[in-house]
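Enquirer: After the structure tokens below, expect a handful of questions from me.
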Amino acid sequence: MICVSVSEKDPKRIVEIANSAEMAEIRIDLCGLNEETVVEVFSNIKKPTIATCRPQYCDDKKRAVLLNTAIVSGASFVDLEIESAEDFKSQVKVVAKKNNCKCIISYHNYENTPSIEELKAIVEECRAQGADIPKIATTAKSRKDAARVLSLYSEYSDLVALAMGLEGKITRVANLFLGSPFSFAAIDDAHATAGGQLTVEQMNICRSIIK
């Protein structure tokens, strides 16, 4: 599935975009949502959703409240950073389990792409931390970096692996054909939430050609 990363500020617009997509990641941090608007958004979306709130937005206590509110309000997945405090992750994982919400443990590297041995160790660490779906997002400086990220699919399933940046664009489409349950896209060029992110339209064109 193509998962639209949503960063809109207007709750009604967030719901509109999400319900028009196959799947949506609601960036609670970029959308600037509070508890009330989290309930409004997640309770009105009829498609699968990922609740994401990066640590730059607020402290872990507040993040846990926002993510737990999203889960109780209907989020299908919750994204927790691999480096986040264990107490924070534990609180959210307990609520997720009670509400049949799958847990994504995510690793982001904005500088480079580690060796294949390091990448495999990161996947295993995500699993050890309770990930239903590990997410690996590195930065590709070359096509070899992109190929290395995609090579993870030769050994793992139920994994979202991609590379950010111009050299990583191919991974955002190719991963869908190698076993990734979903890949991220922007509603349009102005609302990309990561480097090299394609739009939904571009993703659909690529997907239709490859099919």
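The values are calculated or read from the model by the stated rules, or taken from the named source; none is laboratory data. Quick caveat, the model's predicted, so the values are computed rather than measured. Backbone-built Cβ (ideal geometry, glycine too); neighbour counts: all protein chains shown. Side chains are part of the model used for accessible areas, which takes the heavy atoms of the whole protein and leaves out ligands, DNA and RNA. Shrake-Rupley method; radii C 1.70, N 1.55, O 1.52, S 1.80 Å.
Enquirer: Quick check: at a probe of 1.4 Å, how many percent of the accessible area of the chain sits on carbon and sulfur atoms? Spell out each step's value before the answer.
Expert: Numbers: 4990 of 9650 Å².
The value for the chain is 52 percent carbon and sulfur by accessible area.
Enquirer: Moving to a separate point now. Given the pairs LYS62/LYS144; LYS12/LYS98; LYS97/LYS144; LYS62/LYS120; LYS97/LYS141; LYS97/LYS120, which are separated by over 30 angstrom at their Cα positions? Can you show the working numbers first?
Expert: Details: LYS62/LYS144 40 Å; LYS12/LYS98 28 Å; LYS97/LYS144 38 Å; LYS62/LYS120 32 Å; LYS97/LYS141 38 Å; LYS97/LYS120 26 Å.
Over 30 Å Cα-Cα: LYS62/LYS144; LYS97/LYS144; LYS62/LYS120; LYS97/LYS141.
Enquirer: Write down the accessible area per residue of the chain in Å², having rolled a 1.4 Å probe over the full set of protein chains.
Expert: Numbers: 9650 Å² over 211 residues.
On a per-residue basis, the chain sits at 46 Å².
Enquirer: In addition: Once you list every other residue whose beta carbon is under 12 Å from the beta carbon of ILE116, what net charge do they have if Lys and Arg are +1 and Asp and Glu are -1?
Expert: Numbers: positive: LYS120, LYS144, ARG148; negative: GLU117, GLU118, ASP145, GLU155.
Computed value for this residue: -1.
Enquirer: Using heavy-atom solvent-accessible surface (probe 1.4 Å) with all chains present, what is the largest-first order of ARG207, ARG148? If you can, show how the numbers build up before the last one.
Expert: Details: ARG207 40, ARG148 60 Å².
My answer, sorted largest first, is ARG148, ARG207.
Enquirer: Ignoring ligands, DNA and RNA, how do SER208, SER106 rank by accessible area with a 1.4 Å probe, largest first?
Expert: Values: SER208 75, SER106 0 Å².
Highest to lowest solvent-accessible surface, that is SER208, SER106.
Enquirer: Modelling each spin label as a point 7 Å along the Cα-to-Cβ direction, I'd like the ASN109/LYS141 distance in nm, to one decimal.
Expert: Rounded to a tenth, the inter-label distance reads 1.1 nm.
Enquirer: Continuing with the same structure: With just the Cα atoms defining each centre, how far is region 1-75 from region 142-162? Give it in Å.
Expert: Answer, in whole Å: 27.
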